[in-house]
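Following: one structure in structure tokens, then a few remarks.
The values are calculated or read from the model by the stated rules, or taken from the named source; none is laboratory data. Model, not experiment: these values are computed from the prediction. For neighbour counting, all protein chains shown are included, and Cβ atoms are generated from backbone atoms with ideal geometry for every residue, glycine included. When the accessible area is computed, the model is the full protein with side chains, heavy atoms only, and any ligands, DNA or RNA have been set aside. Shrake-Rupley method; radii C 1.70, N 1.55, O 1.52, S 1.80 Å.
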Amino acid sequence: MDIRRRFLFLSFRGNAPLFRGIMTHARDRQVFDAGSVGGGWRIMTVRAMFHICMELWGIFICLICAGGIFIATPRKTKRTRIKILMQIACMLLLGADALSWYFHADAGETAYYMIRISNFSVFCINYIFMSFFATYVWLTVSKNQHRKPAALHTVYALSVIGILLLIITQFTGLFYYFDDHNLYHRGNFYLLSQAIAVLGIALCLFMLISYRKNLERITFFSMMSFFVLPVLATIYQALAYGFSLQCLAIAISTQIMFVMDTVEMNMRFYSQQAAYEKARYEAEHDGMTGLLNKKAGWKHMRKYFDRMDSHDEAMLMFVDIDDFKIINDTYGHTVGDFWIREVASQLRHIYRQDDIICRYGGDEFIVLIRNTASEQVLETTLGMFFQQLTRASEQRGQDVHCSVGVCRVAAIRISGNRDTSRNTDGENGEDTRGGVDFGQCVKQADLALYETKRFNKGTFNVYNYDRS
């Protein structure tokens, strides 16, 4: 047996599936004229067109995702940079594989070099991507731990070994080789190239499972999804030949993982936002009634008074449940709590959202009615409040009523000569100072309440604030 026949025999024995794939490829229908290359015409098959179209779409999607990651994350962390590098690696991987299909079975001089460069790039980028993915897994699960696990270093070592063997392949045909017609064939150690990739993915999976407790459920499952398609595609590609699914599987899984990662980040952001809003609400509101607490209520009221000018008006009311200690002693603290909530509910129902209502403490409430000092409005609203409270008291068979003290701040207009030392309106010299002391207003409302409770419980009394 001469050397040539011996070579063909060994090649066929070690690569029977490959030759079956080549025979199938030869039977593919040729449907697309790709143009003139090297003086001849290259006919592209349906299979080649499928791969090129899918991979070009994949490049476009990866480009959009990479841009989205870059724009959406102003603060570029290591994890963000790795995500962008993985997208770039996917684009290069798909581009190299598309070139290999474009120049497939072309005997021209340009195709001779391009087919070798593109196939080398596909294998090389696969190993580099494996390192990127391992780094991404570690940055996701480590929670700022500085000591890297042995599994991560092993993946790096496997990537270096794979690239070194790939370089040797260019001279020995270890993983693959090309025949005289520029057709790609698997070498006798092709499965070793796939075994290196599978082992690297398995180590990444080991890291992910080992640090499972550091991850949210959606993050864990999104990263787990990455292992499904590439592993299945690698197994299929190792056993069969004809469709290059591994590159597409890596790109698709990467996008799925990053989409799920983005969803998880958004959910975490909204969860933190909700927690912040809840904490803020609890810090400003009374737990029993849902009204503003004293600190928050006074802050909003003081802010309103500080902005008042002579054209503004308001009414500040103290509301107190009469004989509340007797109610607690007679009916129990549970009933006392009910009436605190009932009074708060009635006040909230009667007055506008623009008005400020807060629980001052115990059985006492403060209400600021803004932008009105009308006695008719005061009588109407307090009349409704007393009626509803009386109705609720009769329904429960309990004698409960409230006393109210009001400080009324009416609007005034002071005309006079223009005084530059005072805050005035430049057109007519009117003094637009607020001239309202919030503390003094509170004292007057409290005095009005004291007078009501002393002489006529269950009604209200009004003090007019003097703004002169």
Matching option when the condition is within 27 Å of residue 464 (Cα to Cα) and either open to solvent by 20 Å² or more (accessible area, probe 1.4 Å) or of a type in the set (Gly, Ala, Ser) (or both), among 326, 321, 369, 350: 350
Members of the stretch 326-373 found to be within 13 Å of residue 402 (Cα to Cα) and part of a loop (DSSP other than H, G, I, E, B), listed by number: 363
Subset of the stretch 180-202 that is out of contact with any helix residue (DSSP H, G or I) (no Cβ under 8 Å at 6 or more places or on another chain) and at pLDDT below 85 - its residue that is surrounded by the fewest Cβ atoms within 10 Å (Cβ to Cβ): 180
Count - residues of the stretch 241-280 that are assigned to a helix (DSSP H, G or I) and over 22 Å from the mean Cα position of the chain (by Cα): 6
Some residue of the stretch 164-177 being under 25 Å from the mean Cα position of the chain (by Cα), farther than 23 Å from residue 51 by Cβ and either in a helix (DSSP H, G or I) or without any contact (Cβ under 8 Å) to a residue 24 or more places away in the chain (or both): no
Residue match in the stretch 80-91 (condition: modelled with pLDDT of 80 or more, loosely packed, with under 12 Cβ neighbours inside 10 Å and at negative phi): no
Residues of the stretch 213-255 satisfying the condition of being without any contact (Cβ under 8 Å) to a residue 40 or more places away in the chain and open to solvent by 30 Å² or more (accessible area, probe 1.4 Å): 213, 217, 221, 224, 225, 228, 229, 231, 232, 235, 236, 245
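Yes or no: residue 72 in contact with a His (Cβ under 7 Å, 6 or more places away or on another chain) and either within 13 Å of residue 251 (Cα to Cα) or at pLDDT below 90 (or both)?
no
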Count of residues meeting criterion [within 21 Å of residue 58 (Cα to Cα), assigned to a helix (DSSP H, G or I), open to solvent by 20 Å² or more (accessible area, probe 1.4 Å) and touching a residue at least 40 places away in the same chain (Cβ under 8 Å)] in the stretch 99-118: 2
